[in-house]
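Every number here is computed from the coordinates shown, using simple stated rules; none is lab data. Keep in mind that this is a model prediction, so the values were computed, not measured. As a convention, Cβ positions derive from the backbone with ideal geometry for all residues, glycine included, and neighbour counts pool all protein chains shown.
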Amino acid sequence: MALGRLIDGQWTTEWTERDEAGQFKRMPTQFHDYIAADGSSSFKAESDRYHLYVSLGCPWAHRTVLLRSLKGLQNVVGISIVNPIISEQGWAFSEYPGSIPDNLYESDYLWQIYVRSKSDYTGRVTVPVLWDKQTKTIVNNESRQIIQMFNTEFNEFATFPERDFYPVALRSQIDAVMDAIYQPINNGVYRSGFAASQQSYTKAVTELFDALDHWESILGQQRYLVGDRITLADWCMFTTLFRFDLAYYGLFKTNLKRLVDYPNLWNYCRELYQQPGIQEWCSIDHVKQLYYAGLPELNPNRIIPVGPNINYAEPHTRDRLFKGIEQISQVA
């Protein structure tokens, strides 16, 4: 989600993520270095060495914020939270409620962090960004890799090292599920919302709801996406589901069904929301500001809807449906 990009280190406002058929084509991230606890990479896991730049409105960044909280890394990895509304110069730092300015360099815009890392950088300026204060460079800006690092590589410093959402024995299954939900669901809402032709929109929406129907059925048979324990796959699904009725249903025209019309998916979403360390990092305001006020191409008047009224804290019944399966606070 970017209204512009950097070209040779210079900010330019141009849209670059649609093909000639009007299909939304997400450009790949470029920083993929890895932090290792054992020192096997150029970036060793250390306390107070790394900093996370995120938006609470963006689902990709949101998943990294949740893993930071779930593992208890708040005193290990610093954080800056951008203004929810994307400016003409991309993600901006401000004093907006719930935001945290760049206290490392007092930057005005996130693109300045990218240029600080690579002066001639060309590409998208996206969140999340995992920054190394020691070498003054971006380590990684791919959310899936960052949540894997947060889960595994900082256990020496984590408050909850025993919480493992990416156990070795299940990694192939977790990876397969994350792959399966990425294109039709996580990216599918964007493929629908940013489609520039009827054909590409219809194709994306159809694939999205086919996938939601599939996982609705699966979650009627098992508690989580990979069986009887919460994994990284669930947190990747959650950040999309959390935004579904708030933004995607209306603004992105993914309106065949609301999330609350899916008994299992809605129940499952509420259970994840109610896990320890989650609710305080779920900002309805930042989500609605980002999508409705920050995407004038889709909402020119930037009117933010009053509703919908959604109670994520409404008690779930997943524990009664699947007895004997424990939650984070008990198994961790």
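Hey, can you grab everything whose amide H is under 5 Å from the amide H of Y109? Only 5+ residues off in sequence or another chain; H modelled, so Pro and N-termini drop out.
Amide H to amide H, under 5 Å and 5 or more residues apart or across chains, Y109 pairs with F93.
If you plug each phi of the range 158-165 into the Karplus form 6.51 cos²θ - 1.76 cosθ + 1.60 with θ = phi - 60°, what whole-Hz ³J(HN,Hα) values come out, in order, with x for Gly and Pro?
Listing the rounded values in order: 6, 5, 10, x, 6, 6, 10, 9 Hz.
Take the chain, drop everything but the C-alpha atoms, weight them equally and run the Debye formula without solvent; then report log10 I(q)/I(0) at 0.12, 0.15, 0.16 Å⁻¹ to two decimals.
-0.84, -1.36, -1.55
Can you list the equivalent-ellipsoid semi-axes of the range 103-257, largest first and in whole Å, using the square root of 5 times each Cα gyration tensor eigenvalue?
30, 25, 12
For the range 88-138, rounded, prolate or oblate, judged on the Cα gyration tensor with a ≥ b ≥ c (square roots of eigenvalues), a/c < 1.5 rounded, else prolate if a/b > b/c?
The shape class here is oblate.
Can you run phi through the Karplus equation (6.51, -1.76, 1.60; θ = phi - 60°) for the range 68-84 and list ³J(HN,Hα) in whole Hz, with x for Gly and Pro?
4, 6, 4, 8, x, 10, 4, 9, 10, 10, x, 8, 10, 10, 6, 4, x
Of all DSSP beta bridges located in the chain, what percent are antiparallel, nearest 5?
70 percent
If you average the alpha carbon positions of the range 289-306 and of the range 135-177, how far apart do those two centres end up, in angstrom?
So the separation of the two Cα centres works out to 33 Å.
Can you tell which of S217, L298, L104 lies farthest toward the positive end of the dipole of the chain, using +1 and -1 charges on the Cβ of basic and acidic side chains (Lys, Arg; Asp, Glu)?
S217
What is the dipole size for the chain, taken about its Cα centre, with +1 at each Lys and Arg Cβ and -1 at each Asp and Glu Cβ, in debye to the nearest 20?
Using only the charged Cβ atoms, the result is roughly 400 debye.
Only loop residues by DSSP count here, and only those with at most 15 other Cβ atoms within 10 Å; note down the GluC sites (Glu not before Pro) in the range 226-311 that meet that.
Sparse-neighbourhood loop GluC sites (Glu not before Pro): E297.
How big is D for the range 168-331, in µm² s⁻¹ as a whole number, if Stokes-Einstein is applied with the Kirkwood radius of its Cα pairs at 4 °C and 1.567 mPa s?
78 µm²/s
With just the Cα atoms defining each centre, how far is the range 186-229 from the range 237-276? Give it in Å.
What the calculation gives is 11 Å, centre to centre.
For the range 38-138, what does the alpha-carbon gyration tensor say about shape, rounded, prolate or oblate, given a ≥ b ≥ c as the root eigenvalues, a/c under 1.5 as rounded, and a/b over b/c as prolate?
Oblate, because a/c is 1.5 or more while a/b does not exceed b/c.
Give a quick list of GluC sites (Glu not before Pro) in the range 121-214 that DSSP marks as loop, anything other than H, G, I, E or B, with at most 13 other Cβ atoms within 10 Å.
E156, E162
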